[in-house]
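The values are calculated or read from the model by the stated rules, or taken from the named source; none is laboratory data. Since the structure is predicted, the reported quantities are computational estimates derived from the model, not experimental observations. Neighbour counts are summed over all protein chains in view; Cβ atoms, including those assigned to glycine, are modelled from backbone coordinates with ideal geometry. Protein only, heavy atoms only, side chains kept; ligands, DNA and RNA dropped before computing areas. Shrake-Rupley method; radii C 1.70, N 1.55, O 1.52, S 1.80 Å.
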Amino acid sequence: NSMLSWQRTAFHFQPERNWMNDPNGPLFYKGWYHFFYQYNPHAPVWGDIVWGHAVSKDLIHWLHLPLAMVADHTYDKSGVWTGSATFLPDGKIVMLYTGSNAQAVQVQNLAYPADHSDPLLINWIKYSGNPVLVPPPGILSKDFRDPTTAWLTSEGKWRFAIGSKVNKTGVALVYDTKDFINYEKLDGFLRAVDGTGMWECVDFFPVSKTGENGLDTSVNTPDVKHVMKVSLDDDRHDYYTVGTYHEKNVTFVPDDLTIDVGIGLRYDYGVYYAAKTFYDQNKNRRVLWGWIGESDSEAADLQKGWASVQSIPRTVLLDKKTGTHLLQWPVQEIDSLRLNSYEFNHVSIQAGSVVPLEVGPATQLDIIAEFKIEKEALEKATGSNVTFSCSSSGGAKERGALGPFGLLVLADDSLSEQTPVYFYIAKGSDGNLKTFFCNDQSRSSVASDVNKQIYGSMVPVLKGENLSLRVLVDHSIIESFAHGGRTVITSRVYPTRAIYGAAKLFLFNNATEAGVSASLKIWQMNSAFIRPYPNLDNKS
Ligand code: DQQ
């Protein structure tokens, strides 16, 4: 079906067919990046979950490998669920993962490579004493999953967290172990937040307060802050908080309690879930993977035979300027896919106008853009106490004094299909400006059975900063990064007209009172090689 095959991405990781969800146990080993993922080998819907596996030299081009782990023991009979990798001091790897056992009780299991001399880590052994952990007293059997990567305590023990809930309070349980065989449950919780529900896929890692490198998970010097991320089962979004880890008390305390774990900032204000970071010792950076599901119908997924992609891996750093936000940015290797480039300098976009950008077919693009709004208009605009929010607004067609303005992505010539990626500035009654960053999917497709939400949030804009933007366009996915990745939005869109050569790119300015000028650099993007494992038994 050519209409649906158009939706397959060209440089995002996805399996050949069927269902994928969470990233699992990402790591770098003997020259290869390893990526494992929740995978249903039988259908493009969730179920029968095992671990898929692929390797890459650069996080962009991939070779699919045989399944790493399947549901072949009572302790993971109902599913080989999410887990994380830890490097031991001798360079060996241990993998802790959740098994949904034959009775659908969630237990934790240990696995390790069968042959550490194999850089591809093809074969995995499950520890004979599995499960190594079962739900502790007070924790329900279906609320105990997704162990984090372990970090070292100053006493030399390994420590890690497991997500759970107690009534409606989301919690992270903590365990210590010396050998990954015997475990001690510590009292209390790393963090607990009322009303947030089940915490899935907890991630916990240090970020440097001063440096530009990522840090190994065990680093805990005075120069670091810690980040805690939870995936909320109830609202399907990933929330993070910057704070302090107190090793002695075994607690994490947010810097700002109004942005506590699960109620504060999101990694991504679009489709993005169950994300996981790893420390890349090859390039001294922390890299974030995230699962990007479909937002069309299950019937469409069955028809196209696949569901879900992974985000472009993103580096993660603390934003030293805000102190509260992380900066997420596509790994530099993505630049190797850049082909011919187009530059536009100081394009003026009058209030209420649309300007086409001639860049050829606009289906695989990397866009860097900077916007300037007329100073007089900013000063002249009258403040109001009406609070703006992207998701409850009328989207890009609703005009305000100072916005919206930005790009129309995956648009056809007549603009019958378009996904605006834009800024909206609101002036409060106190005279202060607030900048919002939004994606409007409401006109992304003439099809009716697809998600048409408007996504977005506030983006802090500091004194002297121009509004800046990076957008990766790849067929049915738009990943957009505002202000160096302070606020990120991923949209899944399913145009039917704005496809192949008919997909175009425009600038727009729907402000009523302000002119905007834009400077852009845009690249056509090559496709990545994402290759199947060679079929050695010659069956098909
Ligand atoms: N997906 C896994 C669970 C995890 C959930 C099952 C999050 O381990 O909690 O596929 O998407």
Check: To the nearest 20 debye, what is the magnitude of the charge dipole of the chain about its Cα centre, counting +1 on the Cβ of each Lys and Arg and -1 on the Cβ of each Asp and Glu?
Finding: 300 debye
Checklist line | Cross-link partners of Lys229 among lysines (Cα-Cα below 20 Å; sequence separation of 8 or more within a chain) | finding: Lys165, Lys168, Lys209, Lys276, Lys320
Checklist line | Relative compactness, the chain, computed as alpha-carbon Rg over 2.2 N^0.38 Å | finding: 0.97
Notebook entry, point to check: Taking every eigenvalue of the Cα gyration tensor of the stretch 84-237, multiplying by 5 and rooting it, what semi-axes result, largest first, whole Å?
Noted result: 24, 23, 14
Next item on the list: May I ask for the Kirkwood hydrodynamic radius of the stretch 357-467, worked out over all distinct Cα pairs and given in angstroms to one decimal?
Entry: 15.2 Å
Next item on the list: Kindly provide log₁₀ I(q)/I(0) values, in the same order as q = 0.20 Å⁻¹, from the Debye equation applied to equal alpha-carbon scatterers of the stretch 71-146.
Entry: -0.82
Margin query: As an exercise, find the ratio Rg/Rh for the stretch 165-219 from alpha-carbon atoms, using the Kirkwood inverse-distance average for Rh.
Written below: 1.07
Check: Got a number for carbon plus sulfur as a percent of the stretch 395-540's accessible area, 1.4 Å probe?
Finding: 50 percent
Next item on the list: Please compute the Cα-Cα pair-distance distribution of the stretch 441-525 with 5 Å bins starting at 0, giving whole percents from short to long.
Entry: 3, 11, 18, 22, 22, 15, 7, 2, 0
Check: Which number do you get for Rg(Cα) / (2.2 N^0.38 Å) in the stretch 479-529?
Finding: 1.49
Check: Does the stretch 257-324 come out rounded, prolate or oblate by the C-alpha gyration tensor, with a ≥ b ≥ c the root eigenvalues, rounded set by a/c under 1.5 and, if not, prolate when a/b is larger than b/c and oblate if not?
Finding: oblate
Checklist line | Whole-Å semi-axes of the stretch 338-414's equivalent ellipsoid (Cα gyration tensor) | finding: 28, 16, 11
Notebook entry, point to check: Fully extended, how many nm does the chain gain between Lys225 and Ser348 (0.36 nm per residue separation, minus their Cα-Cα distance)?
Noted result: 40.1 nm
Note to self: Counting only protein heavy atoms and a 1.4 Å probe, tell me what percentage of the stretch 292-382's accessible area is made up of carbon and sulfur.
What the structure shows: 51 percent
Item checked: For the chain, calculated [θ]222 nm from helices alone, where every DSSP H run of n ≥ 4 adds -39500 (n - 2.57) -> -500 deg cm²/dmol
Next item on the list: Assign unit charges at the C-beta atoms only (+1 for Lys and Arg, -1 for Asp and Glu), then state the dipole size of the stretch 221-285 relative to its Cα centre in Debye, rounded to the nearest 20.
Entry: 280 debye
Check: To the nearest 0.05, how large is the calculated FRET efficiency for Asn340 and Ser527 if R₀ is 25 Å and r is the Cβ-Cβ distance?
Finding: 0.95
Note to self: Over the chain, with the other protein chains present, what is the accessible area per residue in square angstrom, probe 1.4 angstrom?
What the structure shows: 38 Å²
Check: With point charges of +1 on the Cβ of Lys and Arg and -1 on the Cβ of Asp and Glu, referenced to the Cα centre of the chain, which listed residue (Ile259, Ala85, Asn509) lies farthest in the positive direction of the dipole?
Finding: Asn509
Notebook entry, point to check: For the stretch 149-260, what is the convex hull (Cα atoms) projected area averaged across all directions, in square nanometres?
Noted result: 7.4 nm²
Notebook entry, point to check: Any idea how far the Cα center of the stretch 375-405 sits from the one of the stretch 472-537, in Å?
Noted result: 24 Å
Checklist line | Charge dipole magnitude, Cβ of K and R +1, D and E -1 - the stretch 425-523, Cα centre, debye nearest 20 | finding: 100 debye
Item checked: Along the chain, longest interval not containing exposed trypsin sites (Lys or Arg not before Pro), exposed being DSSP loop plus at most 10 other Cβ atoms within 10 Å -> 1-247
Next item on the list: Compute all pairwise cysteine Cβ distances in the chain, then list the cysteines with no distance under 4.7 Å to another cysteine.
Entry: Cys201
Item checked: Three-way shape label, the stretch 1-158, alpha-carbon gyration tensor, a/c 1.5 -> oblate
Check: Of Ile60, Leu152, Pro131, which is farthest on the positive side of the dipole of the stretch 50-160, counting Cα position, with +1 on Lys and Arg Cβ, -1 on Asp and Glu Cβ, and the Cα centre as origin?
Finding: Pro131
Item checked: Along principal axes, Cα extents of the stretch 397-540, largest first, whole Å -> 71, 32, 27
Next item on the list: Summarise the accessible area of the stretch 44-123 (1.4 Å probe, protein heavy atoms) by the percent that is carbon and sulfur.
Entry: 58 percent
Next item on the list: Please list the equivalent ellipsoid semi-axes of the stretch 18-74, computed as the square roots of five times the alpha-carbon gyration tensor eigenvalues, in descending order and whole angstrom.
Entry: 22, 12, 9
Checklist line | the stretch 1-51: mean projected area of Cα convex hull, nm² | finding: 4.5 nm²
